[in-house]
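Derivation of every value follows stated rules applied to the coordinates shown; laboratory data play no part. Because the structure is predicted, anything quoted here is derived from the model rather than measured. Backbone-built Cβ (ideal geometry, glycine too); neighbour counts: all protein chains shown.
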């Protein structure tokens, strides 16, 4: 599974959990707008539906959960809305750089 933290991050504290296991934690996540990416994560997960939870404590403990079917959509893009009050996610069959 691939998870990309994309736009909207600016020196944010971010934690990502997959199937209840913390797979990423950082106190300084910032989007590089020249490539549209803050952080790219890749991990092995069992095929099937997994819950992904994104926590952004630096934004009033913003939290977002989404179920992802890793058989159909092993790529998850995560961004913050321009005002930084919501997390937006989208899924795809493969990450953009693998097209």
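Which entry is the computed Cα extents along the principal axes in Å for this structure: (i) 72, 43, 13; (ii) 49, 30, 25; (iii) 32, 29, 19?
(iii)
Under 13 Å from a point placed 7 Å out from the Cα of residue 43 along the Cα-to-Cβ direction: which residues of the stretch 8-26 have their backbone N that close?
From the stretch 8-26, the list is 15-26.
How far apart, in nm, are two points set 7 Å out from the Cα along the Cα-to-Cβ line at residue 33 and at residue 19?
Each label point lies 7 Å from its Cα, and together they span 3.8 nm.
Assuming R0 = 22 Å, what is the FRET efficiency of residue 65 and residue 94, from their Cβ-Cβ distance, to the nearest 0.05?
The formula returns an efficiency of 0.45 here.
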